[in-house]
Amino acid sequence: MTVREKGGVFLDNLGTDRGGNIDAGPLFVDADGADDTYGTKDDDLHLMSYSPCIEKGDPSGDYSGQVDMDGETRVRYDNVDTQIPNQ
């Protein structure tokens, strides 16, 4: 079964792996952008404010020097967002 949402597509038939992964759509603002094509410059991969990925990153991970796509640190206080890091 494929769940479609404004924020993109998530395959929910992959099940629960019990490994700490989130089995829900990330709720991107607009994953395919105005041109309705994934992977192009107009895609908005920011997380919606009610995304299940907000503050769900592993707080014990080493995020030294990592910033998110807006150039902000990924760790704020004791919380880590799983937003796409800037490579």
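The values are calculated or read from the model by the stated rules, or taken from the named source; none is laboratory data. Predicted model only: the values in this text are computed from it and were never measured. Heads up, the Cβs are rebuilt from the backbone with ideal geometry, glycines too, and the neighbour counts pull from every protein chain shown.
Yes/no per residue for (1) within 15 Å of the chain's Cα centre (by Cα); (2) modelled with pLDDT under 80:
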site: K6; (1), (2): yes, yes
site: D36; (1), (2): no, no
site: G39; (1), (2): yes, no
site: C53; (1), (2): yes, no
site: D70; (1), (2): yes, no
site: I84; (1), (2): yes, yes
Would you say N13 is polar (S, T, N, Q), in contact with a Ser or Thr (Cβ under 9 Å, 6 or more places away or on another chain) and at pLDDT below 90?
yes
For the range 16-27, does any single residue satisfy the condition of being modelled with pLDDT of 90 or more and surrounded by 15 or more Cβ atoms within 10 Å (Cβ to Cβ)?
yes
Where a residue in the range 61-80 is part of a loop (DSSP other than H, G, I, E, B) and its partner, wherever it lies, is of a type in the set (A, V, I, L, M) and at pLDDT below 80, with Cβ under 8 Å and at least six apart:
G61/V80; Y63/V75; Y63/V80; M69/I84; R74/V80
The range 37-60 - residue that is free of Cβ contacts under 8 Å to residues at least 24 places away in the same chain and surrounded by 10 or more Cβ atoms within 10 Å (Cβ to Cβ) and, of those, farthest from N79 (Cα to Cα):
T37
